Structures are given as structure tokens and as C-alpha cells.
Amino acid sequence: MYNFALAFVICAVAYLIGEAVSNVTKAWVPSVFVTAVVMLIGYWTILPATVISDSNLIPFGSTIGIYLLITHMGTIISLKQLGEQWKTIVICLAGLAGMCLACWFICIPIIGREFVVAGLPPLTGGIVAAVTMQTAATEKGLEAAALFAIAMYCVQGFAGYPLTAVCLQLEGKKLLKKYRSGEISKADMDAIKKANSLEAGEANKGAKKKLIPAIPEKWNGPVMVLLKLGIIAWVATQLGTVAFPGIGKISGAVWALVLGVIFTSLGFLDVNSLNKANSYGIMMFALMMYIFDGLKTATPEMLGSVIGPMLLLIVVGVAGMALFEFVAAKLLKVDFALALANGLTALYGFPPNAIITENTCKALGQDKDEYDFLMSQMYPSMIVGGFTTVTITSVIIAGFFTNLF
């Protein structure tokens with residue numbers, strides 16, 4: 001009875017359980033957290049470790065799916081919005097500096113240098129940093145450190161998801177209070193509505209003529225939209241193989257985001273491309289299942305052997321991040337709740353940062369205008385935060401830490 005179709009059904013049920021709990025709790029309990037718990041319990045009881053692979057979601061979600069999604073993110077964030085997020089980048093870098101310093105000076109005397117060196121890069125980012133540290137530790141014959149690196153990646157999201165949900169809830173309620181009291185001017189709201197009129201492709205109506213003329217709608221169907229995304233994604237993968245003097249290689253994922261923003265501004269890519277192609281849901285589902293597949297190695301024995309050092313590293317790291325981000329937020333005059341949420345993307349990255357933000361905005365907004373307003377205020381910084389921490393900085397930190405064993 002068990003085959004690829006049933007495996008797909010199991011994955012979908014786990015995903016929907018997460019969404020249901022998130023809806024009932026008004027996003028106080030994030031869907032990604034619940035689904036991760038469901039999958040983890042399933043792996044420990046009745047689910048085969050290959051259930052996500054058997055559904056055939058992984059090859060799609062972990063390859064072209066992730067590049068199409070990242071390029072799509074660039075079709076949502078305008079150049080103006082991206083330029084406005086320089087404070088987010090500074091705050092995230094400050095938070096990661098605080099995390100590294102706190103863990104280095106506090107945790108090494110308690111849990112040892114090897115665990116800190118192996119676990120800190122994954123804590124600052126995602127799977128690339130975890131795999132990098134696991135490989136480096138294995139090559140040095142440090143099996144416990146190699147295990148610690150992957151365990152950290154598997155469970156750190158359990159701390160990041162609820163903390164982020166709390167931060168976004170606090171920030172969202174504060175923003176809605178301003179919105180409902182009339183502190184947001186009509187001109188500002190008109191601009192927000194225009195920027196968020198994405199589903200019908202209305203965002204650029206009345207705007208300046210694009211450098212690249214738009215394809216007539218009758219020819220610009222879902223496959224054409226996906227084709228254009230695919231072309232830019234392919235260019236990003238090629239640029240990711242180029243080593244620049246004094247810099248080295250820049251991740252293809254970073255190029256995908258940057259090129260997505262640029263080619264949307266030029267008119268080649270459609271605003272909110274994947275939604276226009278009616279493909280956003282399946283893309284996000286496939287990518288999230290790829291993320292949850294990492295939990296299959298987190299056995300009870302594994303977690304039991306490293307749970308103490310892991311919890312210490314997470315608590316100290318997040319505390320150091322919060323302290324440095326608090327100072328940075330005060331200096332830059334940014335709300336601390338949103339600043340901390342931006343930094344916490346280091347614990348899970350994309351796409352959970354997008355999903356948690358969307359769920360929070362849906363839960364708090366009483367109508368589409370309120371939802372659009374909240375998305376315009378929180379979504380861009382959360383996306384940029386994720387790329388700053390996970391996609392860019394964590395890879396650099398991992399490359400440096402491999403020499404510290």
C-alpha cells in the first residue's frame with residue numbers, strides 16, 4: 001500500500017496540521033514549528049526515514065524549486081524596498097557578532113572548544129554551514145563534533161520559530177495600533193496598497209515604462225512566467241560558480257535574489273511571479289519538506305547525547321544576539337521586536353521566515369488592507385534578514401571556523 005502517492009499524502013497531512021494549529025492560535029504557535037514536531041515524532045514512531053524522499057518532493061524542492069522561490073522573492077521586493085533595508089543588514093550583522101562573541105567566551109570553558117567550533121556556524125545559519133562543519137570535523141576524526149553540527153541544525157529552529165512568532169506578534173500589534181488610530185497617512189496607505197496589489201499584477205500600473213516591454217497577457221501564461229523565472233535562476237547558478245578577485249564565489253542563491261529584484265525592475269520578470277503562475281503553494285510545500293527531511297537523522301539518542309551543550313549554545317547565542325541587536329536597534333531607531341525577529345532568521349532561514357511572517361500578518365490583520373499593511377512593514381526586512389544571516393554570513397563564518405578545530 002505504501003508508495004510515492006501515500007508518502008505525498010503523509011507529508012501534506014503533517015504540513016496541514018501545522019497550518020491548522022497556527023490558525024487556531026493566531027500564529028502564536030508557528031506552523032513550521034508544529035510540522036517539524038509532527039515529522040520528528042513520526043520519524044521516531046511510525047514514519048519511514050525516507051518518507052519525504054519517497055514523495056519525490058526533495059529533488060524538486062532542493063534544486064530548481066529553491067532557486068525559483070528565491071528568484072520569486074526578488075519579484076516581491078522592489079529596489080526601493082531593498083535599499084531601505086540597510087538597517088536590517090547592519091542589525092543582523094551586529095546580532096551575529098554578539099552571538100559569536102558570547103558563545104566563544106562563555107561556552108568554551110563549559111562545553112569545550114570542539115563543540116563550540118562545530119555548533120556555532122550552524123547556529124548562525126543553515127544547512128550549508130552545518131554540512132561544512134560536519135565535513136571538517138569528520139576529516140579531523142572528531143565524530144562527536146560532527147554529530148553536534150548536524151544536531152544543532154536539526155533542532156535550533158525549535159528555539160527560533162516560537163521566539164520569532166512572539167517578536168512578530170508584538171511588532172504587528174504595535175503597527176496595527178498606529179494603523180487603526182490614523183497615524184498612518186492616507187498617502188502612505190495608498191502607496192502601501194499599490195505596492196501590495198500583487199495578485200492581479202496591478203503593482204506597476206501607472207508606473208514608469210519598463211526598459212523591457214511586457215509580454216501581452218494572452219502569451220504570458222503560467223508556463224511563460226515560470227520560464228522567465230527559470231532563465232534568471234539559471235543565470236544565478238552560473239554566476240554562483242564565478243570567483244571574483246578578492247571576494248571569491250558568491251552563492252547562487254544570493255545572485256537569484258539580486259537578479260530577481262533587478263529583472264523585475266527592468267520589466268522582464270512579473271511582479272509576484274509564482275503567485276501569478278499559480279505555483280507558489282506547491283513550491284513552498286516542496287521546499288519546506290526538504291527542510292524537514294533534515295530531522296530524520298535527529299534520533300532520541302543523538303539528541304540525548306548533545307542536548308545539554310546544544311541548549312547552552314542556543315541560549316547563550318540568542319542572548320548575545322539580543323544584546324547586540326538591542327544596542328544596534330536603539331542607535332538606528334528601529335523597533336527592537338522586529339530587529340530581534342530579523343536576527344533570529346539565523347536559526348532557520350528561508351522559507352520559514354517567509355511563512356512565519358505571512359501567517360502572523362494573516363492572523364493579526366482583520367481585512368486585506370491590514371494584511372497588506374503588515375506585510376509591507378515586516379516582510380521585506382524578514383526576507384533580507386534571512387539572506388543576510390543564513391545565505392551570506394553563515395557560509396563565511398563556517399569557512400573561517402573550519403580552520404579552528
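Apply the Karplus curve 6.51 cos²θ - 1.76 cosθ + 1.60, θ = phi - 60°, to the phi angles in region 396-403 and return the couplings in whole Hz, x for Gly and Pro.
5, 5, 4, x, 6, 6, 4, 8
So for region 33-184, considering every pair of alpha-carbon atoms, how many percent are separated by more than 20 Å?
Here the tail beyond 20 Å accounts for 69 percent of pairs.
Tell me, what ³J(HN,Hα) does each residue in region 104-117 have, in order and in whole Hz, if you take phi through Karplus 6.51 cos²θ - 1.76 cosθ + 1.60 with θ = phi - 60° and put x for Gly and Pro?
Here the 3J(HN,Hα) series is 5, 8, 9, 7, 4, x, 9, 10, x, 5, 4, 5, 5, 4 Hz.
Using the beta-carbon distance between Lys249 and Leu16 and R0 = 41 Å, what value does 1/(1 + (r/R0)^6) give for FRET efficiency, to the nearest 0.05?
Efficiency for this residue pair is about 0.60.
Under a 10 Å cutoff between Cα atoms, tell me which one of Gly385, Gly182, Gly18 has the largest fluctuation in the Gaussian network model of the chain.
Top of the fluctuation ranking is Gly182.
Quick one: if you take sqrt(5λ) for each eigenvalue of the C-alpha gyration tensor of region 304-398, what semi-axes come out, biggest first, whole angstrom?
Values for region 304-398, descending: 26, 16, 13 Å.
How would region 49-118 be classified by its alpha-carbon gyration tensor: rounded, prolate or oblate, with rounded meaning a/c under 1.5 and the a/b versus b/c comparison settling the rest?
oblate
Highest GNM mean-square fluctuation, the chain, Cα pairs closer than 10 Å: which of Pro30, Pro59, Pro380?
Pro59
Could you work out the pair-distance distribution P(r) of the chain from its alpha-carbon pairs, with 10 angstrom bin width and percents rounded to whole numbers?
Here the calculated profile for the chain is 5, 22, 32, 27, 11, 2, 0.
Cβ neighbours within 10 Å, averaged per peptide: list 65-77, 324-336, 94-106 in order, most packed at the top.
Highest mean packing first, the order is 65-77, 94-106, 324-336.
Relative contact order of the chain: what whole-number percent is it, with Cα pairs under 8 angstrom and at least 6 residues apart?
34 percent
Would you mind checking the pairs Lys174/Lys210; Lys210/Lys330; Lys87/Lys362; Lys174/Lys228 and listing those with alpha carbons more than 28 angstrom apart?
Lys174/Lys210; Lys210/Lys330; Lys174/Lys228
Helix 300-332 against the longest principal axis of the chain: what's the angle in degrees, Cα atoms only, rounded to the nearest 10?
Helix 300-332 sits roughly 50 degrees off the main axis of the chain.
Top mean-square fluctuation among Thr45, Thr389, Thr63, Gaussian network model of the chain, C-alpha springs under 10 Å?
Top of the fluctuation ranking is Thr45.
Mind checking which of Ile106, Asn220, Ser265 is farthest towards the positive end of the chain's charge dipole, using Cβ charges of +1 (Lys, Arg) and -1 (Asp, Glu) about the Cα centre?
Ser265
Strictly greater than 22 Å: what percent of every Cα pair in region 250-372 meets that?
It works out to 59 percent of all Cα pairs.
Note down the magnitude of the dipole of region 231-339 about its Cα centre, charges +1 on Lys and Arg C-beta and -1 on Asp and Glu C-beta and zero elsewhere, to the nearest 20 debye.
200 debye
Would you work out if region 237-294 is rounded, prolate or oblate? Take a ≥ b ≥ c from the square roots of the eigenvalues of the alpha-carbon gyration tensor; rounded if a/c is under 1.5, else prolate when a/b is larger than b/c, oblate otherwise.
Oblate is the answer for region 237-294, as a/c is 1.5 or above yet b/c matches or exceeds a/b.
Working from Cα positions, state the angle (0 to 90°, nearest 10) between the long axis of helix 280-292 and the longest principal axis of the chain.
10 degrees
Sum -39500 (n - 2.57) across every DSSP H segment of at least 4 residues in the chain, then divide by the residue count to get the 222 nm mean residue ellipticity, nearest 500.
Computed ellipticity for the chain at 222 nm equals -22500 deg cm²/dmol.
So for the pair Phe158, Ile212, with labels modelled 7 Å out along Cα→Cβ, what separation do we get in nm?
4.5 nm
Since every read-out is calculated from the coordinates, none of them should be taken as a lab result. Values in this document were obtained by computation on a predicted structure and should not be read as measured data. Cβ sites come from the backbone with ideal geometry, for glycine too, and all protein chains shown count toward neighbours.
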